Amino acid sequence: MSAFALTACVTGPARLPENPQHELTSVAFFPQDTHQCGPAALATMLVSTGVDTTPEQLVPEVYIPAKRGSLQVEMLAAARRHGRIPLRLAPDFSALRTELEAGNPVLVLQDLGALGIRRWHYAVAIGYDPAREVLILRSGKKRRHLEREWYFLRTWQAGENWAVTITPAGRIPATATAAGYIRAVAGSESHLPTADIDATYAAALQRWPDEPLVLLASANHDYATGRLEAARTSYRHLLELQPDHLAAHNNLANLLIDQGCAAGAQAHARRALELAEKEPALAPAVRETAERAGQMTVRPASAGARCD
Amino acid sequence: MRFKQMIAAITAASFLSLGMHTTASAGVIGTPEYLSAADRAGQIARIESTLSRADVQAQLVALGVNPADATQRIASLNDAELNLMTEKLDQLPAGGDGFLAVIGIVFIVLLILEITGVTDIFKKV
(Lines give C-alpha, C1' and ligand atoms only; values in the text may rest on other atoms or scores of the structure.)
Protein backbone atom coordinates (compact mmCIF):
# COMPACT_ATOMS: atom_id res chain seq x y z
CA MET A 1 0.00 0.00 0.00
CA SER A 2 2.69 2.46 0.95
CA ALA A 3 4.63 1.61 -2.22
CA PHE A 4 1.63 2.70 -4.17
CA ALA A 5 1.33 5.93 -2.19
CA LEU A 6 5.00 6.75 -2.85
CA THR A 7 4.77 6.35 -6.60
CA ALA A 8 1.35 7.96 -6.81
CA CYS A 9 2.67 11.37 -5.83
CA VAL A 10 5.44 11.12 -8.43
CA THR A 11 3.01 10.26 -11.21
CA GLY A 12 1.06 13.49 -10.88
CA PRO A 13 -1.89 14.57 -12.97
CA ALA A 14 -2.92 11.72 -15.18
CA ARG A 15 -4.07 13.35 -18.38
CA LEU A 16 -3.06 16.46 -20.24
CA PRO A 17 -3.37 16.53 -24.01
CA GLU A 18 -0.15 17.29 -25.87
CA ASN A 19 -0.19 20.98 -26.74
CA PRO A 20 2.56 22.62 -28.79
CA GLN A 21 1.59 25.96 -27.26
CA HIS A 22 2.93 25.00 -23.87
CA GLU A 23 5.33 22.27 -24.84
CA LEU A 24 8.49 21.68 -26.92
CA THR A 25 7.04 18.56 -28.49
CA SER A 26 9.93 17.95 -30.89
CA VAL A 27 12.56 17.45 -28.17
CA ALA A 28 14.03 13.96 -28.53
CA PHE A 29 13.61 11.32 -25.85
CA PHE A 30 15.97 8.62 -24.65
CA PRO A 31 14.55 6.34 -21.97
CA GLN A 32 17.15 5.81 -19.28
CA ASP A 33 18.76 2.53 -18.31
CA THR A 34 19.24 1.74 -14.63
CA HIS A 35 20.94 4.63 -12.79
CA GLN A 36 21.84 6.33 -16.02
CA CYS A 37 19.52 9.30 -16.10
CA GLY A 38 22.59 11.55 -16.49
CA PRO A 39 23.62 10.27 -19.93
CA ALA A 40 19.96 9.98 -21.00
CA ALA A 41 19.03 13.55 -19.97
CA LEU A 42 22.26 14.92 -21.46
CA ALA A 43 21.59 13.11 -24.76
CA THR A 44 18.09 14.61 -24.81
CA MET A 45 19.57 18.09 -24.37
CA LEU A 46 22.45 17.69 -26.85
CA VAL A 47 20.40 16.05 -29.61
CA SER A 48 17.86 18.87 -29.35
CA THR A 49 20.68 21.29 -30.29
CA GLY A 50 21.81 19.20 -33.24
CA VAL A 51 24.57 17.07 -31.72
CA ASP A 52 24.61 13.52 -33.04
CA THR A 53 24.92 11.35 -29.94
CA THR A 54 23.22 8.71 -27.79
CA PRO A 55 23.10 7.97 -24.05
CA GLU A 56 25.37 4.96 -24.65
CA GLN A 57 28.03 7.21 -26.15
CA LEU A 58 27.76 9.61 -23.21
CA VAL A 59 28.11 6.96 -20.47
CA PRO A 60 31.94 6.99 -20.61
CA GLU A 61 31.82 10.80 -20.53
CA VAL A 62 29.64 11.46 -17.48
CA TYR A 63 28.78 8.28 -15.61
CA ILE A 64 30.63 7.28 -12.44
CA PRO A 65 30.08 3.57 -11.80
CA ALA A 66 30.76 3.52 -8.05
CA LYS A 67 28.47 6.51 -7.51
CA ARG A 68 25.80 5.10 -9.83
CA GLY A 69 25.27 8.56 -11.15
CA SER A 70 26.65 11.65 -12.83
CA LEU A 71 27.98 14.88 -11.34
CA GLN A 72 26.61 18.28 -12.34
CA VAL A 73 30.06 19.68 -13.21
CA GLU A 74 30.73 16.75 -15.51
CA MET A 75 27.39 17.20 -17.27
CA LEU A 76 28.41 20.79 -18.03
CA ALA A 77 31.93 19.79 -19.09
CA ALA A 78 30.53 17.16 -21.47
CA ALA A 79 28.23 19.73 -23.09
CA ARG A 80 31.25 21.98 -23.67
CA ARG A 81 33.22 19.09 -25.15
CA HIS A 82 30.46 18.66 -27.72
CA GLY A 83 30.74 22.29 -28.79
CA ARG A 84 27.67 23.51 -26.94
CA ILE A 85 27.38 26.27 -24.35
CA PRO A 86 25.89 25.22 -21.01
CA LEU A 87 24.51 28.01 -18.83
CA ARG A 88 23.31 27.73 -15.25
CA LEU A 89 20.04 29.65 -14.92
CA ALA A 90 19.06 31.95 -12.09
CA PRO A 91 17.70 29.62 -9.41
CA ASP A 92 14.05 30.51 -9.72
CA PHE A 93 11.07 28.94 -11.42
CA SER A 94 10.29 32.04 -13.49
CA ALA A 95 13.69 31.79 -15.24
CA LEU A 96 12.97 28.15 -16.06
CA ARG A 97 9.55 29.05 -17.47
CA THR A 98 10.96 31.94 -19.51
CA GLU A 99 13.48 29.61 -21.15
CA LEU A 100 10.76 27.10 -22.00
CA GLU A 101 8.69 29.89 -23.54
CA ALA A 102 11.75 30.92 -25.55
CA GLY A 103 12.02 27.39 -26.91
CA ASN A 104 14.94 26.14 -24.82
CA PRO A 105 14.58 22.80 -23.01
CA VAL A 106 15.98 22.95 -19.46
CA LEU A 107 18.08 20.31 -17.70
CA VAL A 108 17.12 20.04 -14.03
CA LEU A 109 18.34 18.14 -10.98
CA GLN A 110 15.70 16.82 -8.60
CA ASP A 111 15.79 14.92 -5.35
CA LEU A 112 13.09 12.27 -5.63
CA GLY A 113 13.99 10.69 -2.32
CA ALA A 114 11.97 10.51 0.86
CA LEU A 115 12.49 10.12 4.59
CA GLY A 116 15.86 11.82 4.44
CA ILE A 117 17.27 9.46 1.82
CA ARG A 118 18.54 11.36 -1.21
CA ARG A 119 17.60 10.16 -4.66
CA TRP A 120 19.17 12.54 -7.16
CA HIS A 121 17.69 12.53 -10.61
CA TYR A 122 18.25 14.46 -13.86
CA ALA A 123 15.31 15.28 -16.09
CA VAL A 124 14.64 17.66 -18.98
CA ALA A 125 11.81 20.18 -18.64
CA ILE A 126 10.13 20.68 -22.00
CA GLY A 127 6.93 22.51 -21.15
CA TYR A 128 4.66 24.16 -18.65
CA ASP A 129 0.90 24.50 -18.63
CA PRO A 130 0.08 27.62 -16.61
CA ALA A 131 -3.64 26.90 -16.41
CA ARG A 132 -3.09 23.58 -14.65
CA GLU A 133 0.26 24.48 -13.03
CA VAL A 134 1.83 21.39 -14.46
CA LEU A 135 5.42 20.95 -15.62
CA ILE A 136 6.10 18.57 -18.51
CA LEU A 137 9.35 16.62 -18.45
CA ARG A 138 11.32 14.01 -20.34
CA SER A 139 12.18 11.94 -17.30
CA GLY A 140 13.47 8.43 -16.63
CA LYS A 141 11.55 5.97 -18.72
CA LYS A 142 8.72 8.43 -19.39
CA ARG A 143 8.71 10.38 -22.60
CA ARG A 144 6.11 12.78 -21.29
CA HIS A 145 6.10 12.99 -17.54
CA LEU A 146 3.61 15.39 -15.95
CA GLU A 147 4.48 16.87 -12.61
CA ARG A 148 2.51 19.29 -10.45
CA GLU A 149 4.34 22.56 -9.92
CA TRP A 150 4.37 22.33 -6.12
CA TYR A 151 5.83 18.85 -6.22
CA PHE A 152 8.49 19.82 -8.73
CA LEU A 153 9.47 22.87 -6.69
CA ARG A 154 9.94 20.71 -3.60
CA THR A 155 12.16 18.18 -5.38
CA TRP A 156 14.06 20.93 -7.17
CA GLN A 157 14.84 22.92 -4.05
CA ALA A 158 17.04 20.19 -2.57
CA GLY A 159 19.56 20.69 -5.38
CA GLU A 160 19.50 24.48 -4.97
CA ASN A 161 17.16 24.92 -7.94
CA TRP A 162 19.80 23.76 -10.38
CA ALA A 163 18.66 24.38 -13.93
CA VAL A 164 20.79 24.56 -17.09
CA THR A 165 20.22 25.43 -20.71
CA ILE A 166 22.53 23.99 -23.36
CA THR A 167 22.57 26.06 -26.52
CA PRO A 168 24.48 26.02 -29.79
CA ALA A 169 26.77 28.92 -30.71
CA GLY A 170 24.91 32.10 -31.57
CA ARG A 171 21.74 31.24 -29.67
CA ILE A 172 21.69 33.11 -26.36
CA PRO A 173 19.32 31.85 -23.66
CA ALA A 174 16.48 34.28 -22.95
CA THR A 175 17.40 34.86 -19.30
CA ALA A 176 21.19 35.05 -19.76
CA THR A 177 23.10 37.96 -18.27
CA ALA A 178 26.08 39.34 -20.18
CA ALA A 179 28.54 38.33 -17.46
CA GLY A 180 27.08 34.84 -17.03
CA TYR A 181 26.94 34.20 -20.74
CA ILE A 182 30.48 35.39 -21.49
CA ARG A 183 31.79 33.17 -18.71
CA ALA A 184 29.93 30.22 -20.22
CA VAL A 185 31.26 31.00 -23.70
CA ALA A 186 34.83 31.40 -22.44
CA GLY A 187 34.55 27.89 -21.00
CA SER A 188 33.44 26.41 -24.32
CA GLU A 189 35.70 28.44 -26.61
CA SER A 190 38.51 25.90 -26.86
CA HIS A 191 36.00 23.31 -28.13
CA LEU A 192 34.34 25.58 -30.69
CA PRO A 193 35.35 26.17 -34.32
CA THR A 194 36.21 29.82 -35.09
CA ALA A 195 33.03 30.34 -37.12
CA ASP A 196 30.92 29.30 -34.11
CA ILE A 197 32.75 31.70 -31.79
CA ASP A 198 32.25 34.46 -34.37
CA ALA A 199 28.52 33.76 -34.43
CA THR A 200 28.37 33.72 -30.64
CA TYR A 201 30.06 37.08 -30.15
CA ALA A 202 28.09 38.62 -33.01
CA ALA A 203 24.88 37.59 -31.23
CA ALA A 204 26.21 38.78 -27.86
CA LEU A 205 27.20 42.18 -29.27
CA GLN A 206 23.80 42.56 -30.84
CA ARG A 207 22.11 41.88 -27.53
CA TRP A 208 24.57 43.81 -25.32
CA PRO A 209 26.26 46.37 -27.58
CA ASP A 210 27.73 48.42 -24.71
CA GLU A 211 28.58 45.74 -22.20
CA PRO A 212 32.31 45.98 -21.31
CA LEU A 213 32.82 42.26 -20.79
CA VAL A 214 31.21 41.39 -24.13
CA LEU A 215 33.36 43.99 -25.91
CA LEU A 216 36.51 42.71 -24.25
CA ALA A 217 35.83 39.04 -25.00
CA SER A 218 34.84 39.76 -28.58
CA ALA A 219 37.89 42.01 -29.13
CA ASN A 220 40.17 39.34 -27.64
CA HIS A 221 38.71 36.78 -30.02
CA ASP A 222 39.18 39.09 -33.02
CA TYR A 223 42.75 39.77 -31.92
CA ALA A 224 43.56 36.09 -31.42
CA THR A 225 42.25 35.28 -34.90
CA GLY A 226 44.23 38.08 -36.55
CA ARG A 227 41.45 40.57 -37.21
CA LEU A 228 43.40 43.47 -35.80
CA GLU A 229 41.26 46.33 -37.11
CA ALA A 230 38.04 44.90 -35.69
CA ALA A 231 39.78 44.21 -32.38
CA ARG A 232 41.21 47.73 -32.23
CA THR A 233 37.77 49.27 -32.81
CA SER A 234 36.25 47.19 -29.99
CA TYR A 235 39.05 47.98 -27.53
CA ARG A 236 38.66 51.69 -28.30
CA HIS A 237 34.89 51.51 -27.90
CA LEU A 238 35.39 49.78 -24.57
CA LEU A 239 37.82 52.48 -23.43
CA GLU A 240 35.29 55.18 -24.32
CA LEU A 241 32.82 53.44 -22.02
CA GLN A 242 35.36 52.62 -19.30
CA PRO A 243 38.48 54.82 -19.58
CA ASP A 244 40.19 52.88 -16.76
CA HIS A 245 39.74 49.38 -18.14
CA LEU A 246 43.05 47.70 -17.40
CA ALA A 247 42.74 44.73 -19.77
CA ALA A 248 41.58 46.95 -22.64
CA HIS A 249 44.59 49.28 -22.25
CA ASN A 250 46.95 46.33 -21.96
CA ASN A 251 45.61 44.39 -24.91
CA LEU A 252 45.32 47.45 -27.11
CA ALA A 253 48.96 48.21 -26.30
CA ASN A 254 49.90 44.71 -27.50
CA LEU A 255 47.88 45.14 -30.65
CA LEU A 256 49.55 48.49 -31.39
CA ILE A 257 52.95 46.87 -30.86
CA ASP A 258 52.00 44.27 -33.47
CA GLN A 259 50.95 47.06 -35.82
CA GLY A 260 54.20 48.95 -35.24
CA CYS A 261 52.53 51.95 -33.59
CA ALA A 262 55.09 52.76 -30.89
CA ALA A 263 53.63 55.99 -29.48
CA GLY A 264 50.14 54.58 -28.98
CA ALA A 265 51.46 51.29 -27.63
CA GLN A 266 53.61 53.03 -25.04
CA ALA A 267 50.81 55.35 -23.91
CA HIS A 268 48.38 52.50 -23.35
CA ALA A 269 51.05 50.30 -21.74
CA ARG A 270 51.90 53.12 -19.33
CA ARG A 271 48.25 53.54 -18.34
CA ALA A 272 47.87 49.79 -17.90
CA LEU A 273 50.93 49.73 -15.66
CA GLU A 274 49.41 52.41 -13.41
CA LEU A 275 46.12 50.55 -13.19
CA ALA A 276 47.83 47.22 -12.51
CA GLU A 277 48.83 48.33 -9.05
CA LYS A 278 45.32 47.46 -7.90
CA GLU A 279 45.20 44.19 -9.87
CA PRO A 280 48.15 42.03 -8.80
CA ALA A 281 46.81 38.98 -10.64
CA LEU A 282 47.10 40.74 -13.98
CA ALA A 283 50.33 42.61 -13.23
CA PRO A 284 52.78 40.07 -14.76
CA ALA A 285 51.10 40.29 -18.18
CA VAL A 286 51.04 44.09 -17.98
CA ARG A 287 54.74 44.27 -17.09
CA GLU A 288 55.52 42.09 -20.08
CA THR A 289 53.51 44.39 -22.33
CA ALA A 290 55.26 47.47 -20.95
CA GLU A 291 58.63 45.87 -21.55
CA ARG A 292 57.79 45.05 -25.16
CA ALA A 293 56.39 48.53 -25.76
CA GLY A 294 59.46 50.13 -24.16
CA GLN A 295 61.75 48.36 -26.61
CA MET A 296 60.11 50.10 -29.55
CA THR A 297 61.54 53.31 -30.91
CA VAL A 298 59.16 56.12 -31.75
CA ARG A 299 59.69 57.29 -35.31
CA PRO A 300 57.40 60.23 -36.10
CA ALA A 301 57.51 59.46 -39.82
CA SER A 302 56.01 56.01 -39.36
CA ALA A 303 53.08 57.28 -37.35
CA GLY A 304 50.83 57.35 -40.37
CA ALA A 305 47.06 56.96 -40.65
CA ARG A 306 47.30 53.31 -39.57
CA CYS A 307 48.33 54.32 -36.05
CA ASP A 308 45.68 56.96 -35.38
CA MET B 1 56.15 5.11 -2.46
CA ARG B 2 58.81 6.89 -4.55
CA PHE B 3 57.33 5.36 -7.68
CA LYS B 4 53.85 6.64 -6.85
CA GLN B 5 55.14 10.15 -6.27
CA MET B 6 56.99 10.02 -9.55
CA ILE B 7 53.84 8.94 -11.41
CA ALA B 8 51.91 11.76 -9.75
CA ALA B 9 54.56 14.30 -10.75
CA ILE B 10 54.60 13.09 -14.35
CA THR B 11 50.80 13.17 -14.55
CA ALA B 12 50.74 16.66 -13.04
CA ALA B 13 53.34 17.84 -15.54
CA SER B 14 51.40 16.42 -18.47
CA PHE B 15 48.32 18.31 -17.35
CA LEU B 16 50.23 21.59 -17.13
CA SER B 17 50.03 22.06 -20.86
CA LEU B 18 46.30 21.28 -20.94
CA GLY B 19 45.50 24.12 -18.58
CA MET B 20 47.21 26.75 -20.69
CA HIS B 21 45.17 29.11 -22.78
CA THR B 22 46.52 30.27 -26.09
CA THR B 23 46.84 34.00 -26.56
CA ALA B 24 48.05 36.13 -29.42
CA SER B 25 51.24 37.12 -27.60
CA ALA B 26 52.77 36.85 -24.17
CA GLY B 27 51.50 40.13 -22.71
CA VAL B 28 47.87 39.80 -23.81
CA ILE B 29 45.26 39.23 -21.10
CA GLY B 30 42.98 36.53 -22.47
CA THR B 31 39.30 36.36 -21.52
CA PRO B 32 39.67 33.31 -19.22
CA GLU B 33 42.60 34.97 -17.39
CA TYR B 34 40.63 38.17 -17.06
CA LEU B 35 37.61 36.33 -15.66
CA SER B 36 39.57 34.26 -13.17
CA ALA B 37 41.46 37.35 -11.98
CA ALA B 38 38.09 39.03 -11.42
CA ASP B 39 37.13 36.70 -8.59
CA ARG B 40 39.40 35.60 -5.80
CA ALA B 41 38.09 32.05 -5.89
CA GLY B 42 39.23 31.85 -9.49
CA GLN B 43 42.75 32.93 -8.55
CA ILE B 44 43.08 30.34 -5.84
CA ALA B 45 41.61 27.68 -8.09
CA ARG B 46 44.14 28.47 -10.82
CA ILE B 47 47.08 27.97 -8.53
CA GLU B 48 45.81 24.64 -7.27
CA SER B 49 44.46 23.31 -10.53
CA THR B 50 47.60 21.60 -11.76
CA LEU B 51 47.87 19.39 -8.72
CA SER B 52 44.10 18.82 -8.58
CA ARG B 53 43.91 17.46 -12.09
CA ALA B 54 46.07 14.45 -11.28
CA ASP B 55 44.28 14.05 -7.96
CA VAL B 56 40.75 14.11 -9.39
CA GLN B 57 41.73 11.76 -12.18
CA ALA B 58 42.96 9.23 -9.64
CA GLN B 59 39.69 9.57 -7.71
CA LEU B 60 37.57 9.02 -10.81
CA VAL B 61 39.58 5.93 -11.71
CA ALA B 62 39.10 4.63 -8.17
CA LEU B 63 35.34 5.10 -8.66
CA GLY B 64 35.37 2.85 -11.69
CA VAL B 65 35.93 5.26 -14.57
CA ASN B 66 38.22 4.04 -17.36
CA PRO B 67 41.61 5.87 -16.97
CA ALA B 68 41.66 7.14 -20.57
CA ASP B 69 38.10 8.48 -20.22
CA ALA B 70 39.00 10.11 -16.92
CA THR B 71 41.86 12.04 -18.56
CA GLN B 72 39.54 13.39 -21.25
CA ARG B 73 36.80 14.25 -18.76
CA ILE B 74 39.14 16.24 -16.56
CA ALA B 75 40.62 18.14 -19.48
CA SER B 76 37.34 19.96 -20.06
CA LEU B 77 36.69 20.98 -16.46
CA ASN B 78 37.47 24.57 -15.60
CA ASP B 79 39.53 25.50 -12.55
CA ALA B 80 36.57 26.23 -10.27
CA GLU B 81 34.84 22.97 -11.21
CA LEU B 82 38.02 21.04 -10.65
CA ASN B 83 38.43 22.63 -7.27
CA LEU B 84 34.89 21.64 -6.34
CA MET B 85 35.59 18.05 -7.28
CA THR B 86 38.86 17.96 -5.37
CA GLU B 87 37.28 19.27 -2.22
CA LYS B 88 33.97 17.46 -2.08
CA LEU B 89 33.63 14.66 -4.56
CA ASP B 90 32.01 12.61 -1.79
CA GLN B 91 29.25 15.11 -1.04
CA LEU B 92 28.37 16.25 -4.55
CA PRO B 93 24.97 15.03 -5.74
CA ALA B 94 25.31 12.32 -8.38
CA GLY B 95 22.11 12.20 -10.37
CA GLY B 96 21.32 8.56 -11.02
CA ASP B 97 18.19 6.61 -10.44
CA GLY B 98 18.20 5.53 -6.82
CA PHE B 99 15.39 3.07 -7.39
CA LEU B 100 16.95 0.62 -4.96
CA ALA B 101 16.92 3.30 -2.27
CA VAL B 102 13.16 3.63 -2.68
CA ILE B 103 12.67 -0.10 -2.36
CA GLY B 104 14.80 0.13 0.79
CA ILE B 105 12.58 2.87 2.22
CA VAL B 106 9.44 0.88 1.51
CA PHE B 107 10.94 -2.16 3.16
CA ILE B 108 11.91 -0.18 6.26
CA VAL B 109 8.42 1.35 6.49
CA LEU B 110 6.85 -2.12 6.23
CA LEU B 111 9.27 -3.42 8.82
CA ILE B 112 8.41 -0.63 11.27
CA LEU B 113 4.70 -1.21 10.75
CA GLU B 114 5.32 -4.88 11.32
CA ILE B 115 7.35 -4.40 14.49
CA THR B 116 4.90 -1.92 15.98
CA GLY B 117 2.14 -4.41 15.30
CA VAL B 118 0.14 -2.34 12.81
CA THR B 119 0.44 -5.05 10.17
CA ASP B 120 1.43 -8.69 10.17
CA ILE B 121 2.56 -9.38 6.60
CA PHE B 122 5.68 -11.29 7.54
CA LYS B 123 4.03 -13.76 9.91
CA LYS B 124 2.02 -15.71 7.38
CA VAL B 125 4.50 -18.55 7.03
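Assorted remarks:
- Residue within the stretch A:131-150 that is assigned to a helix (DSSP H, G or I) and either surrounded by 22 or more Cβ atoms within 10 Å (Cβ to Cβ) or more than 14 Å from chain B (Cβ to nearest Cβ) (or both) present: yes
- Candidates A:PRO193, A:PRO173 - the one that is away from chain B (no Cβ under 13 Å) and within 10 Å of the chain's Cα centre (by Cα): A:PRO173
- Residues considered: A:LEU46, A:LEU58. Of these, the only one that is in a helix (DSSP H, G or I), modelled with pLDDT of 95 or more and in contact with a His (Cβ under 8 Å, 6 or more places away or on another chain) is A:LEU46.
- For the stretch A:292-301, the condition holds for no residue, the condition being that it is on the phi < 0 side of the Ramachandran plot, within 22 Å of the chain's Cα centre (by Cα) and part of a helix (DSSP H, G or I).
- Scope the stretch A:101-130; condition of a type in the set (Ser, Thr, Tyr) and more than 14 Å from chain B (Cβ to nearest Cβ); matching residues: A:TYR128
- Selection of the stretch A:31-43 for residues being crowded, with 23+ Cβ neighbours inside 10 Å and either more than 7 Å from chain B (Cβ to nearest Cβ) or in a loop (DSSP other than H, G, I, E, B) (or both) yields A:GLN32, A:GLN36, A:PRO39, A:ALA40, A:ALA41, A:LEU42, A:ALA43.
- Flag if A:LEU246 is in contact with an Asp or Glu (Cβ under 6 Å, 6 or more places away or on another chain) and either buried (at least 20 other Cβ atoms within 10 Å of the Cβ) or modelled with pLDDT under 95 (or both): yes
- Check on A:ARG306, facing chain B (nearest Cβ under 9 Å), over 31 Å from the mean Cα position of the chain (by Cα), part of a helix (DSSP H, G or I) and at pLDDT below 95: no
- Matching residues, the stretch A:97-116, being in a strand (DSSP E or B), under 30 Å from B:LEU110 (Cβ atoms) and of a type outside the set (Asp, Glu): A:LEU109, A:GLN110, A:ALA114
- For A:TYR223, the requirement of being closer than 30 Å to A:ARG292 by Cα, touching a residue at least 24 places away in the same chain (Cβ under 8 Å), surrounded by 23 or more Cβ atoms within 10 Å (Cβ to Cβ) and of a type in the set (Phe, Trp, Tyr) is met.
- Considering the conditions (1) of a type in the set (A, V, I, L, M); (2) surrounded by 16 or more Cβ atoms within 10 Å (Cβ to Cβ); (3) without any contact (Cβ under 8 Å) to a residue 12 or more places away in the chain, A:VAL59 is excluded by exactly one of them, (3).
The values are calculated or read from the model by the stated rules, or taken from the named source; none is laboratory data. All of these numbers come straight from a predicted model, not from anything done at the bench. Quick reminder, even Gly has a Cβ in these numbers, built from the backbone with ideal geometry, and neighbours come from all protein chains shown.
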